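First the structure, in the form of C-alpha cells, and then the observations on it.
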Amino acid sequence: MRYVAAIDVGGTTMKGGFVTRDGTIHAFERRPTPRADGPSAVVAAVSAFVADLARPRDGMRPLAVGLAVPGLVTPTHAVFSAAFGWRDVPASAFAAGVSVPVALGHDVRSAGEAELACGDGGRDALYLPIGTGIAGAVVLSGELYGGAGGWAGQIGHIPVSPGGVACGCGQRGCLAAYASGGALAARCGVDDAEQVLRRFLDGDARAAEVWGEAVEALALALATYTLLLDPAAVVIGGGVSQAGEALLAPLRAALAGRLAFRRAPEVRASSLGALAGLMGAGLLGWRAVPGASGRP
C-alpha cells in the first residue's frame, strides 16, 4: 500500500493517520493538543506525532508527511498562531529526524482544498470551519484564493463588534471572540462548545444569549463576505458544525435578514465534516511526493 502520513493540528485535538492516493484514511488516531502548556509544548507534541507516523511499519513507511496547522502559515514556517502563541516556527521543528518529505500548510486552506476536490460548494464558495478558532478558505471561480501573501480567509478576525471582547490575536471584537468553539465555552463558563449547545437546547438563559450572539456575529461577517464576493454557498465545517440545524437554521435566517436587496447564499454543513482537515493534510503530503499531484 502506498500512502502518506497526514496530521491536522487543531486547538483541542490533533488528528492523524495514513491517507492513500484515493483518499482512504487508515490507522486514524487522535491526540490532545497541549495548548495550555505553551507553544513549545505544542511544537514538541506535533513533532512526536510526525515522528511516530513517519517510522516504518511492517516494512513500509509513508512516502511523505502532510502537516496542517492553524494561523499564518508559509511552506517553510508557521508564522503566527493566536491559538498557540507561536511565532516563526520553522517547518523543520516539526520534523526532526524524519527522512521523508514534510509539507507544511494552513489547516483551513488545506481543508478547503479537500472540500474542493470532493466537489462541495461549487466554483464560488466560502468553506468556514468553526472549531477552537475560525478561519475560511476562499474559493473563486473553482480555485482557492490565497491573496498577496497566501493568507486570505482570516474571517475569524473580522471585527463584528469594534471595541468588544478581547481576541487572542491582539484585536478586540473579532468574530472568533464570539463564535468560535473556544469563545462559546469561555463565555458560558463551561469546558466545550458541546456543553453550550446542550444547555441552549435545555433552555438555559446564559447559553441562549451566548449562542444567539454567536449566530448574529456569524451573520454579520457572512453578510459582509457575501456583498464583497457573491458566493454560491457557505459550507460550515469544524466541531461546532456538529450542532447541525441548531446552528444552521438560525444562521440562515439571520444572514437573510442582513441582506435586504439580494438573496442569501446557500448555507450548509460540510460533506467531509471533522475529517476535512486531515484529508487536506493528506493532499499536502501527496503534493510533496515526487511525481505526484496534490489532488486525487
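The values are calculated or read from the model by the stated rules, or taken from the named source; none is laboratory data. Predicted model only: the values in this text are computed from it and were never measured. Glycine also receives a Cβ, built like all others from the backbone with ideal geometry; neighbour counts cover every protein chain displayed. Accessible surface areas use protein heavy atoms only, side chains included; no ligands, DNA or RNA. Shrake-Rupley method; radii C 1.70, N 1.55, O 1.52, S 1.80 Å.
When a/c reaches 1.5 or more, the comparison of a/b and b/c decides; with that in mind, is the range 1-49 rounded, prolate or oblate per its Cα gyration tensor?
Working: a/c = 3.55, a/b = 2.58, b/c = 1.38.
The shape class here is prolate.
Over its Cα atoms, what ratio of radius of gyration to 2.2 N^0.38 Å does the chain give? Scaled against compact globular proteins, the figure is 0.97.
Taking 0.36 nm per residue of separation and subtracting the current Cα-Cα distance, fully stretching the chain between D22 and A41 would add 3.5 nm.
Between helix 107-117 and the chain there is an angle of about 90 degrees, using the helix long axis and the longest principal axis of the Cα atoms.
Solvent-accessible area per residue in the chain equals 42 Å², computed with a 1.4 angstrom probe and all protein chains kept. Here the spin labels are modelled as points 7 Å beyond Cα on the Cα-Cβ line, and at R87 and T13 they lie 3.2 nm apart. Amide H to amide H, with H built 1.01 Å from N, C174 comes under 5 Å of V160, C167, counting only residues 5 or more places away or on other chains.
Between Q171 and R263, the simple spin-label model (points 7 angstrom out along Cα→Cβ) gives 3.1 nm. What is the distance, in nm, between label points placed 7 Å from the Cα along the Cα-to-Cβ direction at V79 and at R2? The modelled label-to-label distance comes out at 3.4 nm. Taking the C-alpha atoms only, the angle from helix 276-287 to the longest principal axis of the chain is near 40 degrees. To the nearest ten degrees, helix 245-257 and the longest principal axis of the Cα atoms of the chain are 60 degrees apart. Solvent-accessible area of the chain (1.4 angstrom probe, protein heavy atoms only): carbon and sulfur portion equals 54 percent.
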